[in-house]
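Participant: Below you will find the structure I want to go over with you.
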Amino acid sequence: MDSTRWDRFAHRPGDIFVCTPPKCGTTWTQAIVASLLWPAGDAPGPVMDLAPWWDANFYDLDELVARLEAQTFRRSIKTHLPVEAIPRWETGYYIAVFRDGRDAFMSFVNHVASFRDDVRERLNAAAVAKGLETMPKYDGDLHGLYARWIDFPLPLLMLRGWWERRHLRNALLVHFNDLKADLDGEMRRIAGFIGTEVDPRHWPDQVARCTFEAMKRRAPEIGVFERNFVGGGESFLHKGTNGRWRDVLTDDELARYRDAVAKFLTDEMAEWLEHGSLATGKRPEAR
């Protein structure tokens, strides 16, 4: 990830920014936004091409600038950077999505394990040249990967910045658990935030195509996953489940996670990150 790429971004009023730590529901939220922007399901291309990851070195920056400039419809952009590292425009809409860090880690394991070697090597070479963090190669040592991940647990680190901004008019915090528990309700909440209409003629289909099962079936409409992942969409859209860490992480590893939570988060933040809003009955934006 390279925050300097934002120097080339030309904002338009109404731009929607999906802002998440990795593996916290990014692609899901992108698909939801696309379903809201194109109620009839006629998006003009794969979701992840329409709403690219701006601060990653996947795309040539000149090409990406030209692609976004050519879009005549309302735009959506993805970022995995902390809020402090991205620009903020009063006329932009920022959807920050989070998930229990232990669940994010388990999804990260699958992500790294299925990432194509040739793509990782190309991206890592570019990262080294710029002095950026590289992507590890997964050798089957989950506990070794965890030891690296827990030293910089992005879901915890990034939540602090967004929590401090949760009352802003143009910021919305969303939790993975809430999307799983009440997709219809959370999509209505996102629709109200970005100002899209809920049309009864289209709404059931808009929600239905954003279930995890539907996204797996229509993976080519979400992204060209074969570019980067062995197994394509089947690998990338892996399980969409929580709690897999319970039978995998050791007591010592779980203790390190609890220590990190205590170090970086208040009790209120920690409760929300673990459970979400629907389970606790507390919305982060509530005063």
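Participant: Please specify each residue of the range 22-69 satisfying the condition of being of a type in the set (Val, Ile, Thr) and more than 21 Å from GLU221 (Cβ to Cβ). Walk me through how you get there before you give the answer.
Facilitator: Applying the first criterion (of a type in the set (Val, Ile, Thr)) to the range 22-69 yields 26-27, 29, 32-33, 47, 65.
Once the filter is applied, which keeps residues that are of a type in the set (Val, Ile, Thr) and more than 21 Å from GLU221 (Cβ to Cβ), the range 22-69 yields only VAL65.
Participant: Mind checking whether some residue in the range 25-44 is among the aromatic types (Phe, Trp, Tyr), part of a loop (DSSP other than H, G, I, E, B) and out of contact with any Leu (no Cβ under 7 Å at 6 or more places or on another chain)?
Facilitator: Yes.
Participant: If you scan the range 60-85, which residues turn out to be over 30 Å from ILE150 (Cβ atoms) and either in a loop (DSSP other than H, G, I, E, B) or touching a Cys at 6+ places or on another chain (Cβ under 8 Å) (or both)?
Facilitator: The answer is ASP60, GLN71, THR72, PHE73, ARG74, ARG75.
Participant: Turning to a different aspect of this structure: In the range 29-62, what residues are of a type in the set (A, V, I, L, M), within 17 Å of ALA126 (Cα to Cα) and buried (at least 16 other Cβ atoms within 10 Å of the Cβ)?
Facilitator: The answer is ALA56, and nothing else.
Participant: Would you check which residues across the range 246-287 are at pLDDT below 90 and not β-branched (Val, Ile, Thr) and list them?
Facilitator: Within the range 246-287, ASP247, ALA279, GLY281, LYS282, ARG283, PRO284, GLU285, ALA286, ARG287 meet the criteria.
Participant: Considering every residue within the range 86-109, establish whether at least one is part of a helix (DSSP H, G or I), more than 19 Å from MET158 (Cα to Cα), out of contact with any Ser or Thr (no Cβ under 6 Å at 6 or more places or on another chain) and at pLDDT below 95.
Facilitator: First pass over the range 86-109, keeping only residues part of a helix (DSSP H, G or I): 101-109.
Next, only the ones that are more than 19 Å from MET158 (Cα to Cα) stay: 109.
Checking which are out of contact with any Ser or Thr (no Cβ under 6 Å at 6 or more places or on another chain) leaves us with 109.
Those left that are additionally at pLDDT below 95: 109.
For the range 86-109, residues part of a helix (DSSP H, G or I), more than 19 Å from MET158 (Cα to Cα), out of contact with any Ser or Thr (no Cβ under 6 Å at 6 or more places or on another chain) and at pLDDT below 95: present.
Participant: Which number in (1) within 19 Å of GLU274 (Cβ to Cβ); (2) surrounded by 15 or more Cβ atoms within 10 Å (Cβ to Cβ) marks the one condition that ASN170 misses?
Facilitator: (1)
Participant: Hey, can you tell me all the residues within the range 121-146 that are in contact (Cβ under 8 Å) with a residue 12 or more places away in the chain, under 29 Å from TYR257 (Cβ atoms) and part of a helix (DSSP H, G or I)?
Facilitator: Those that are in contact (Cβ under 8 Å) with a residue 12 or more places away in the chain, under 29 Å from TYR257 (Cβ atoms) and part of a helix (DSSP H, G or I): LEU123, ALA127, LEU142, HIS143, LEU145, TYR146.
Participant: Among the residues of the range 1-11, count how many are at pLDDT 95 or above, touching a helix residue (DSSP H, G or I) at 6+ places or on another chain (Cβ under 9 Å) and part of a loop (DSSP other than H, G, I, E, B).
Facilitator: 2
Participant: If you go through the range 180-208 one residue at a time, how many are in a loop (DSSP other than H, G, I, E, B) and either in contact with a strand residue (DSSP E or B) (Cβ under 7 Å, 6 or more places away or on another chain) or more than 13 Å from LEU37 (Cα to Cα) (or both)?
Facilitator: Selection size over the range 180-208: 3.
Participant: For residues that are modelled with pLDDT under 85 and among the basic types (Lys, Arg), scanning just the range 123-153, find the one that is surrounded by the most Cβ atoms within 10 Å (Cβ to Cβ).
Facilitator: LYS137
Participant: Being modelled with pLDDT of 95 or more and within 19 Å of the chain's Cα centre (by Cα) narrows it down to one of LEU156, LEU168, so name that one.
Facilitator: On the way: LEU168 fails: within 19 Å of the chain's Cα centre (by Cα).
The unique qualifying residue is LEU156.
Participant: Could I ask something else about it? Got a sec? Which of THR79, THR72, THR91 is loosely packed, with under 12 Cβ neighbours inside 10 Å and touching a residue at least 24 places away in the same chain (Cβ under 8 Å)?
Facilitator: THR91
Participant: What do you reckon, is VAL65 of a type in the set (Val, Ile, Thr) and buried (at least 18 other Cβ atoms within 10 Å of the Cβ)?
Facilitator: Values: of a type in the set (Val, Ile, Thr): yes; buried (at least 18 other Cβ atoms within 10 Å of the Cβ): no.
Here the answer is no, as VAL65 does not meet what is asked.
Participant: Let me ask something else about it. Would you say VAL97 is closer than 26 Å to HIS275 by Cβ, of a type in the set (A, V, I, L, M, F, W, C) and touching a Lys or Arg at 6+ places or on another chain (Cβ under 8 Å)?
Facilitator: So VAL97 does not fit the description; no.
The values are calculated or read from the model by the stated rules, or taken from the named source; none is laboratory data. As the structure is a prediction and not an experimental result, all values here were calculated from the model. Every residue, glycine as well, gets a Cβ built from its backbone with ideal geometry; the counts of neighbours run over all protein chains shown.
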